[in-house]
Structure formats: C-alpha cells, structure tokens
Amino acid sequence: MTESGNIRIKGKPNSDKTFFSLRLFFLCLLVICIALLYIRIKVETIKFGYEISENTKKEQHLLRGNLLLQAECMELKSPARIEGIARESGFRFPTQDDVIFVKEKTVIGEIR
C-alpha cells in the first residue's frame, strides 16, 4: 500500500511561491521608489521655500538701498546745494552787462 504522508503531487506549488515572492518583491520595490520620489519632492519644496525666503530678504535689502540712493541723488541735485557750491567756487549771478543777446539767424531754405 501507499503511505499517505509521503505522497507528493507534481505540479506548480513551488512555482506559485516563486511567482508570489516576485510579485511581493516588485510591489515592495515600487512602494520604496514612490516613497523616495515623495521624499525627493518634499526636500525640493523645502529647498525652494528657503530660496524664496532668502531672495525676499535680498529684495527688501536692495529696495531699502535703492531708496537711500534715490534720497542721496535728490539731495545732490538740490538747487540750494548746487548754488552753495557755485558761490564757494567763485561763481556769481550775471549782471545786465554780462548778458549778450544773440539775434536769431535764419537758415536759407528753412520753412517757418
């Protein structure tokens, strides 16, 4: 008679385990890849956030510097300052004798 404990059925039981483990391996690999991609996206988002913050600070600093330069430019262009420097340098307002009137010359062929 046959022994009931030693009977083996030839077929695919071993290949089913291999197929299942390959599917499980690729599923785990896919999950790991998606997790790494998610982490990479989060890291880039944080990095860009820091860059935006840094650039905003730089912009504020440059705008403040621009306002200071505009104020300095207006101060340097002021007529009172220019007049004071001119007087210190020996310039004076012209008198009536210093003014010379030049007659307007007409150019031949000019249409008015």
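The values are calculated or read from the model by the stated rules, or taken from the named source; none is laboratory data. Computed from a prediction, not measured in an experiment: that's the story for all the values here. Here the Cβ is made from the backbone with ideal geometry for all residues, glycine too, and neighbour counts use every protein chain on show.
Suppose the filter is of a type outside the set (Gly, Ala, Ser) and at pLDDT below 95; does residue 83 pass it? Answer is yes for this residue.
How about region 86-106: which of its residues are surrounded by 10 or more Cβ atoms within 10 Å (Cβ to Cβ) and of a type outside the set (D, E, K, R)? Of everything in region 86-106, those that are surrounded by 10 or more Cβ atoms within 10 Å (Cβ to Cβ) and of a type outside the set (D, E, K, R) turn out to be 86, 91.
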